[in-house]
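Engineer: Quick one: the structure is below, questions incoming.
The values are calculated or read from the model by the stated rules, or taken from the named source; none is laboratory data. The model shown is predicted, which means the values in this text are computed figures rather than measured ones. Glycine also receives a Cβ, built like all others from the backbone with ideal geometry; neighbour counts cover every protein chain displayed. Ligands, DNA and RNA are stripped out before the accessible areas are found, and what is left, the full protein with its side chains, is counted by its heavy atoms. Shrake-Rupley method; radii C 1.70, N 1.55, O 1.52, S 1.80 Å.
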Amino acid sequence: MSKPVLNVALVGYAFMGRAHSNAYRQVNRFFPDCPYQVVPKVLVGRSEGPLREAAEQLGWEETSTDLDAVLARKDIDIIDVATPNDSHFDLTIKALNAGKIVLTEKPLAMDSAQAREMAALAAKKKVPSLIWHNYRRAPAASTAAALVRDGKLGEIRQVRGVYLQDWLSDPKSPATWRMTAKTCGSGAHGDLNAHLIDMTRFITGLEFAEVTSLAETFTKKRPNANGKGIINVDVDDAFLFLARLSNGAVASYEATRVAAGRKNYNRIEVNGTKGSLVWNFERMNELEFFSFEDEPRAQGFRTIMCMNGAAHPYAGNYWPDGHIIGYEHTFTNALYDFLVCLKTKKPYRPDFADGVANQEVLDASLESSKTRQWVKVARSQKFAKAAEPLRVAASKNAGL
Ligand code: SOE
């Protein structure tokens, strides 16, 4: 029996656009029970030439430089926003008002006010939403969340997250949209701490109560990427913050683009009263797990290879046990779960309400970096309920 078709239009075709394009091409190939036939229909951008080349390379049927015309098409079901942060709000509001389902890259918006307006409109339109916090969908990360939900760590006491890159170590590296507040909101903070905040909320089910921060911009002027003049960098190269979580747990976070030698070192450790776990993207299929419940002579961190199709989410959809998967698969896994939730009308997470919770932490910690004071996270009660952690599996794969 043929599946209902969902036609997608993607706005933006840089790094994230390429990752999303791969997910649209692969989801029906590796998830045969995916309830929809997904079609990468229109690639939307500004410049005809590069746009056509990208469409050809990434497998899109059509191209358009006229977003309004694409939004007016009845045959377009989903709009995917993979553009710089300062356009997320306008594109998402326009697409929601055109009756489309909207998937948006992280961070959801430039600030909490925008995020709340986006989430409110999606709720009003009664359409599901997705934020591409892809790391949740690494089988080992989903397994970590499931172990915590099942009480294997006991009461959570501490979380420590680091997300380290080094692509701005050279002061002569040109300035892109990621280095001015008007186009990105914040630097490593909104780009990388956003992931650590999401992974903390996902794995522990806890919220952030208050934060205190330290930010630094080591290189304050960079050559413009277009070769014309110098750009004043007004966002962080490195952003560290401490947090008190909703159960009294304490947490530390570090995001940087100048940690020489660290390319995409994304690691989170959770310590509880009964044990600990560590997920490190560089070994993304493995979960380090320690339990006081092991007999003393056998206690120690063990490494669980989360590639057992019968035990770990998504692992059985690709290859025989132990044949590991990679970064690109996390986007395909997320898309699959979203489509299952769309069909079953179950809540997909993380959605725009999660984006509000994430942005509220980003904003509070950004404020603290300026005031050098502890700042309480201003939770919007309107979205707090919607952002509460799920206790049931969003799809048969995400074992929560
Ligand atoms: C750049 O730092 C970046 O592409 C982030 O924007 C992504 O979210 C992360 O997954 C990889 O690095």
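Engineer: Which count do you get for residues in segment 189-204 that are more than 11 Å from the ligand (Cβ to nearest atom) and either small (G, A, S) or not in a helix (DSSP H, G or I) (or both)?
Structural biologist: Qualifying residue count for the region: 0.
Engineer: Among L192, L153, L164, which is more than 19 Å from the chain's Cα centre (by Cα), among the hydrophobic types (A, V, I, L, M, F, W, C) and under 28 Å from V270 (Cα atoms)?
Structural biologist: Numbers: L192 fails: more than 19 Å from the chain's Cα centre (by Cα); L164 fails: more than 19 Å from the chain's Cα centre (by Cα).
When all the criteria are applied, what remains is L153.
Engineer: Can you go through Y314, Y253, Y327 and tell me which one is of a type in the set (S, T, Y), within 30 Å of K182 (Cβ to Cβ) and crowded, with 20+ Cβ neighbours inside 10 Å? Step through it out loud before you land on a result.
Structural biologist: Numbers: Y314 fails: within 30 Å of K182 (Cβ to Cβ); Y327 fails: crowded, with 20+ Cβ neighbours inside 10 Å.
Just a single option satisfies the conditions, and that option is Y253.
Engineer: Go through (1) out of contact with any Ser or Thr (no Cβ under 6 Å at 6 or more places or on another chain); (2) open to solvent by 40 Å² or more (accessible area, probe 1.4 Å); (3) outside any loop (DSSP other than H, G, I, E, B); (4) closer than 22 Å to G151 by Cα for E293 and report which single condition fails.
Structural biologist: The failed condition is (3).
Engineer: A follow-up question, please. In segment 170-204, which residue that is within 11 Å of N85 (Cβ to Cβ) and among the aliphatic types (A, V, I, L, M) is least open to solvent (accessible area, probe 1.4 Å)?
Structural biologist: That would be A194.
Engineer: For segment 314-352: of the residues being outside any helix (DSSP H, G or I), under 18 Å from the mean Cα position of the chain (by Cα) and away from the ligand (no atom under 16 Å from the Cβ), which is farthest from H88 (Cα to Cα)?
Structural biologist: Looking at the filtered set, the residue picked out is Y314.
Engineer: Taking only pairs six or more apart or across chains, which ones have beta-carbon atoms under 7 Å, a first residue in segment 76-94 that is closer than 25 Å to V5 by Cα, and a second residue that is open to solvent by 30 Å² or more (accessible area, probe 1.4 Å) and not in a helix (DSSP H, G or I)?
Structural biologist: Taking only residues 6 or more apart or on different chains, the pairs are I76/K41.
Engineer: Restricting to segment 342-351, give me the number of residues that are out of contact with any Leu (no Cβ under 7 Å at 6 or more places or on another chain) and open to solvent by 60 Å² or more (accessible area, probe 1.4 Å).
Structural biologist: So the count comes out to 4.
Engineer: Does at least one position in segment 28-46 carry a residue that is within 22 Å of A194 (Cα to Cα) and either more than 16 Å from the ligand (Cβ to nearest atom) or touching a Leu at 6+ places or on another chain (Cβ under 7 Å) (or both)? Talk me through it step by step, then tell me what you get.
Structural biologist: Our first condition is that a residue be within 22 Å of A194 (Cα to Cα); within segment 28-46, this holds for none.
Scanning segment 28-46 turns up no residue that is within 22 Å of A194 (Cα to Cα) and either more than 16 Å from the ligand (Cβ to nearest atom) or touching a Leu at 6+ places or on another chain (Cβ under 7 Å) (or both).
Engineer: Select from segment 352-377 the residues that are of a type outside the set (S, T, Y) and open to solvent by 30 Å² or more (accessible area, probe 1.4 Å) and write down the one among them that is nearest to E210 (Cα to Cα). Write out each step before concluding.
Structural biologist: As a first pass, look at segment 352-377 and keep what is of a type outside the set (S, T, Y): 352-364, 366-367, 370, 372-377.
Within this subset, residues satisfying the condition of being open to solvent by 30 Å² or more (accessible area, probe 1.4 Å) are 363, 366-367, 370, 372-374, 376.
Working: D363: 11, L366: 12, E367: 11, K370: 15, R372: 13, Q373: 10, W374: 7, K376: 4 Å.
The selected residue is K376.
Engineer: Within segment 205-243, how many residues are surrounded by fewer than 20 Cβ atoms within 10 Å (Cβ to Cβ), under 22 Å from the mean Cα position of the chain (by Cα) and not in a loop (DSSP other than H, G, I, E, B)?
Structural biologist: 3
Engineer: Related question: Filter segment 378-398 for residues that are open to solvent by less than 50 Å² (accessible area, probe 1.4 Å) and farther than 16 Å from G205 by Cα; which is modelled with the highest pLDDT?
Structural biologist: S380
Engineer: Do any helices (runs of 4 or more DSSP H) lying entirely in segment 1-92 carry at least 3 residues that are polar (S, T, N, Q), and which ones are they?
Structural biologist: Working: elements: 15-30, 48-58, 67-72.
The helices (runs of 4 or more DSSP H) meeting that bar are 15-30.
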